[in-house]
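Colleague: Just passing along the structure, written as structure tokens.
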Amino acid sequence: QTAVTQFARFGMQIHLGKIVADKISESKTEGLFVPAVTTKKHPNTPPPNATDVIQLDRGFIPFTEKFKYLGSWIVQSLSDEYDINMRIAATSSAMYSLKPYFKNKDVSLQAKRLIFLSIPFHIFLWRSNLGR
């Protein structure tokens with residue numbers, strides 16, 4: 001059975017990439033290789049390249065090194081370091097754009113506190129995309 005059939009059994013869909021008349025349509029579904037734990041009996045298998053694809057009857061699924069799922073970044077190593085770095089970067093960006101507001105002496109400390117708790121704090125802890 002194909003991967004499409006297996007996913008359909010659970011009510012899920014795979015959005016395959018297709019090549020029609022030399023035009024490539026992107027696949028919404030991506031493959032991520034997660035290597036097994038290395039042991040003496042089972043040496044680690046090298047991961048596929050980001051350009052490798054799984055060929056299926058009706059299209060293809062490309063491999064990727066990382067992807068975003070429900071607001072979190074998933075990487076091959078299953079480490080959360082990349083996800084944390086991306087959240088820190090998003091928070092830093094929000095803080096930088098709010099810098100003039102926080103430096104404004106006419107804005108009360110209570111108002112600044114509420115803005116901080118509702119925007120940068122929210123981005124870091126809850127991974128809000130704010131309009132993305």
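The values are calculated or read from the model by the stated rules, or taken from the named source; none is laboratory data. In this text the structure is predicted, and so the values were computed from the model without any measurement. When we count neighbours, we look across all protein chains shown, and the Cβ atoms used for this are built from the backbone with ideal geometry, even at glycine. Remember, those area values only see protein heavy atoms, side chains included, never the ligands or the DNA or RNA. Shrake-Rupley method; radii C 1.70, N 1.55, O 1.52, S 1.80 Å.
Colleague: So how exposed is Val75, as accessible area in Å² (1.4 Å probe, rounded to 10)?
Modeller: The accessible area of Val75 comes to roughly 20 Å².
Colleague: Additional query: Once label points are set 7 Å from the Cα along Cα→Cβ at both Val53 and Ile19, what is their separation, rounded to one decimal in nm?
Modeller: 0.6 nm
Colleague: I'd like the Karplus ³J(HN,Hα) series for segment 110-125: coefficients 6.51, -1.76, 1.60, θ = phi - 60°, whole numbers in Hz, and an x wherever there's a Gly or Pro.
Modeller: 5, 5, 5, 4, 5, 5, 4, 5, 8, 10, x, 4, 5, 4, 5, 7
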